[in-house]
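One structure is given here, and the rest of the page talks about it.
The values are calculated or read from the model by the stated rules, or taken from the named source; none is laboratory data. Quick caveat: nothing in here was measured; it's all calculated off a predicted structure. Heads up, the Cβs are rebuilt from the backbone with ideal geometry, glycines too, and the neighbour counts pull from every protein chain shown. Please note that ligands, DNA and RNA were not included when accessible areas were found on the heavy atoms of the full protein model with its side chains. Shrake-Rupley method; radii C 1.70, N 1.55, O 1.52, S 1.80 Å.
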Amino acid sequence: MAEEAEYLVQLGDAATAGGQLRALFGRDLAELTALASGLGEPAFRGKQLAEALYRQRVTRIGEITTLPKALRQRLEHQGWEVGRSRIAQAFTSTDGTERYLVECMDGETVEAVWMPEGDGGDEGSEAGAEVDTESGGPRDPGPDGRRWDRATLCVSSQVGCAVNCQFCLTARLGLKRNLSAGEIAGQVLAAMDRHGVQAGRDRVNLVFMGMGEPFLNYGNFMAAVRLLVDEVGLSPRRMTVSTSGIVSGIERFAQEPPERRPRLAISLNAPNDDIRERLMPINRKWPIREVLEAVRNVPLRPGERITFEYVLLGGVTDRLAHAHELAQLVRRSGLPAKVNLIPWNPGPGAAFLTPHPQAVEGFRKLLAESGVRVYLRRPRGRDIFAACGQLKRTVCREQETGNRQ
């Protein structure tokens, strides 16, 4: 139990907030209204603050021109800042993927990844790969000079991670602290600003699959989702959260209104408990059976499916016998489900092998022939350590774009 306690620790609000920094960003409309009232201002000042922070996306109090100058000066005098996380460094892959080193107010950094046109997995809306008639077609070239008409943004929820999946480089960082709701949502707005994304118009899918385990920072993760939905105007149907199988978090997630929460993905990565326990120590506390039981209690929207993420490790989880076993597991779960296959992405010192392309295709084909809906996520940004499982705050000086904001 001592080992479990080490990687299942849930940090409190003091660590989450990064101290007593007076950031406006991350506060919802009710909190901003209460702040305005506490300053003796009318309640509508809270709405003006929310509009400026989340719709106009200002980064300095002086830019909130809807507020009287005297009020702006008063806020600054009292030590308030917008306090939104910024992109400190950006690295660009040959395939157009961008990895961002995002800096928080206290100087801590996390990573987010922008993938124009996605990675072939199904993490978008329930509509899947349908043409988005509201997007208006391809946008103007972004910072990388490429045009895109849809994209996926991968967002972090913690500084490091304590779950200790053996194939993931983030595990080597350990867990330093949780991110606040504002620090999670700030990654999204920083990327939206960089690429000129317009909420409600551009087709951008959010996946909470970066550094950290979202369900071990549940309160702040869901507070960030509510900010992005209520204040920024993004659709929860274009959001997916991945968990390693934190049953207590899945049970809380099942209580969320279906129309106001992301879709759910389970990082499965093995067809049975024996293999999964070796790869993911979390399985000793919550084995596959208990995870599936909790998932069955999550109310789904019409047409919604549970996603099983499955990392293919050469010679470890990529054999046809594993595919047979996985197909049986998915079918017997009774869940409307799909499988995202992820060929393992290599990293320095990692003791696994990338699967052979023939093994990947054979695995995919067997699942499909077994009646399992399956997608193959192609690697994006391997050359800049931006691919799934590679996020470790690696500084690639020769790849740095020099773009900061």
For residue 197, the residues 5 or more places away or on another chain with a placed amide H closer than 5 Å to its own amide H are none
So for R0 = 51 Å, FRET eff. of residue 324-residue 77 from the Cβ-Cβ r, to 0.05, ends up at 0.15
Quick one: with all protein chains in place, what share of the accessible area of region 31-95 is carbon or sulfur, to the nearest percent (1.4 Å probe)?
49 percent
First measure r as the distance between the Cβ atoms of residue 370 and residue 94, then evaluate 1/(1 + (r/R0)^6) with R0 = 30 Å and state the FRET efficiency to the nearest 0.05.
0.25
Suppose each label sits 7 Å from its Cα in the direction of the beta carbon; what would the residue 358-residue 198 distance come out to in nanometres?
5.1 nm
So, by mean Cβ neighbours within 10 angstrom, what's the order for 213-223, 369-379 with the highest one leading?
213-223, 369-379
3J(HN,Hα) from dihedral phi, region 63-70, Karplus parametrisation 6.51/-1.76/1.60, rounded to Hz, x for glycine, proline:
7, 7, 6, 6, 8, x, 4, 5
So if each residue of separation counts as 0.36 nm, and I subtract the Cα-Cα distance between residue 109 and residue 172, what length gain in nm does that give?
21.2 nm
Roughly how many Å² is the accessible area per residue of region 242-372, as a whole number, for a 1.4 Å probe?
41 Å²
Measure off 7 Å from each Cα along the Cα-to-Cβ vector at residue 70 and residue 274, then give the distance between these two points in nanometres to one decimal.
7.6 nm
What is the set of long-range amide H partners of residue 150 at a cut-off below 5 Å, with H atoms built 1.01 Å from backbone N?
117
For region 81-97, in order, what is each residue's ³J(HN,Hα) by Karplus, 6.51 cos²θ - 1.76 cosθ + 1.60 with θ = phi - 60°, in whole Hz (x at glycine and Pro)?
9, 4, x, 8, 4, 10, 7, 7, 9, 10, 10, 10, 7, 5, 9, x, 5
Roughly to the nearest percent, how much of the accessible area of region 156-264 is carbon and sulfur, given a 1.4 Å probe?
44 percent
Could I have the simple spin-label model distance between residue 117 and residue 290, label points 7 Å from Cα toward Cβ, reported in nm to one decimal?
4.4 nm
